[in-house]
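Novice: Have a look at the structure that comes next, please.
The values are calculated or read from the model by the stated rules, or taken from the named source; none is laboratory data. Fair warning: this is a prediction, and the values are worked out from it, not measured in the lab. Cβ sites come from the backbone with ideal geometry, for glycine too, and all protein chains shown count toward neighbours.
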Amino acid sequence: MTELVNGVIIALTSLVNEVGGDAVNEKFYSLSKEKQSAIINSAMCVFSAGGYKKALTEEIAKEAGVSKGLLFHYFGSKQKLYLFLYDYCIRYIKERMDFETGKAKPDYFDFLIETQLMKREIMKQHPYIFCFASTVYYDDAPEISRLVKSTNRELISSQIDFLLDYADCSHFKSGVDARKITEIIIWTAEGMMKDIMSRPTVDIDKASDEYLEILRIFKNNFYREEYADGDN
């Protein structure tokens, strides 16, 4: 999994070169961490809301508290900003969700719960990071789709493969396809994420608890009785 993520990062670097030059002006990194986060979070929020085509750089700049000119000074173009965010998402998540291998396999749902708790902490720093990451997968804007679609599809498929190999899937009821359940859980999570992020205010802890309850329902319905948690 780590090798693939590193490969994706290298591929994204090549994509940035393809669209012309570095992804970000080094002066961006001279900003305070708070200002960098404000720009990153604003851009993720706006791109997540309407996709690449509908996202306005004026809105991103306004939300971040910087001028549009300064935004382009840092990133050069809307396309480069988008690719920078995608690269940033992958690197940031990788650093904070790196799992040990070579030890006893954790229960499938215990592992999903552990993963969700990690995601909750990540979202406290970048509330829209996972919403943006899923938006990239479905975005059909030619300027973006031709560059990241196959890379993103491969990354998501590898994440499913990693989960099914890393976790203990032996507690499912007979006939239950763990891969199909995993795909349904991912679709459910994406739908929940979009709904949660559309709310006037976002309570990350409450949203996380809602998702954990969904996982409990899945576990009770698809695990053998001796491994389920009890009533739905």
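Novice: Select from segment 200-226 the residues that are farther than 20 Å from K119 by Cα and free of Cβ contacts under 8 Å to residues at least 60 places away in the same chain and write down the one among them that is surrounded by the fewest Cβ atoms within 10 Å (Cβ to Cβ).
Specialist: Applying the filter and picking the extreme gives P200.
Novice: Scan segment 71-105 for residues that are in contact with a helix residue (DSSP H, G or I) (Cβ under 9 Å, 6 or more places away or on another chain), crowded, with 16+ Cβ neighbours inside 10 Å and farther than 23 Å from C131 by Cβ and report the count.
Specialist: 1
Novice: Enumerate the helices (runs of 4 or more DSSP H) found wholly within segment 19-81, keeping only those where 2 or more residues are charged (D, E, K, R) and closer than 25 Å to K149 by Cα.
Specialist: Of the helices (runs of 4 or more DSSP H) lying wholly inside segment 19-81, those with at least 2 residues that are charged (D, E, K, R) and closer than 25 Å to K149 by Cα span 33-54.
Novice: May I pose another question? Quick check on I122: is it within 26 Å of F28 (Cα to Cα) and free of Cβ contacts under 8 Å to residues at least 40 places away in the same chain? Spell out how you get there, then give the answer.
Specialist: On the way: within 26 Å of F28 (Cα to Cα): yes; free of Cβ contacts under 8 Å to residues at least 40 places away in the same chain: yes.
So I122 fits the description; yes.
Novice: Okay, next question. Please count how many residues of segment 154-199 are of a type in the set (K, R), closer than 27 Å to Y227 by Cβ and without any contact (Cβ under 8 Å) to a residue 24 or more places away in the chain.
Specialist: Residues flagged as of a type in the set (K, R), closer than 27 Å to Y227 by Cβ and without any contact (Cβ under 8 Å) to a residue 24 or more places away in the chain within segment 154-199 amount to 2.
Novice: Considering only residues that are farther than 17 Å from F47 by Cα and in contact with a helix residue (DSSP H, G or I) (Cβ under 8 Å, 6 or more places away or on another chain), which ones fall in segment 186-200?
Specialist: Selection gives I186, T188, A189, M192.
Novice: Tally up the residues in segment 152-178 that are surrounded by 13 or more Cβ atoms within 10 Å (Cβ to Cβ), in a helix (DSSP H, G or I) and modelled with pLDDT of 85 or more, please. If you could, list the steps in order and put the result at the bottom.
Specialist: Our first condition is that a residue be surrounded by 13 or more Cβ atoms within 10 Å (Cβ to Cβ); within segment 152-178, this holds for 152, 154-156, 158-164, 166-169, 171-172, 176, 178.
Checking the rest, the ones that are also in a helix (DSSP H, G or I) come to 152, 154-156, 158-164, 166, 178.
With modelled with pLDDT of 85 or more added as a condition, the list becomes 160-164, 166, 178.
Of the residues in segment 152-178, 7 are surrounded by 13 or more Cβ atoms within 10 Å (Cβ to Cβ), in a helix (DSSP H, G or I) and modelled with pLDDT of 85 or more.
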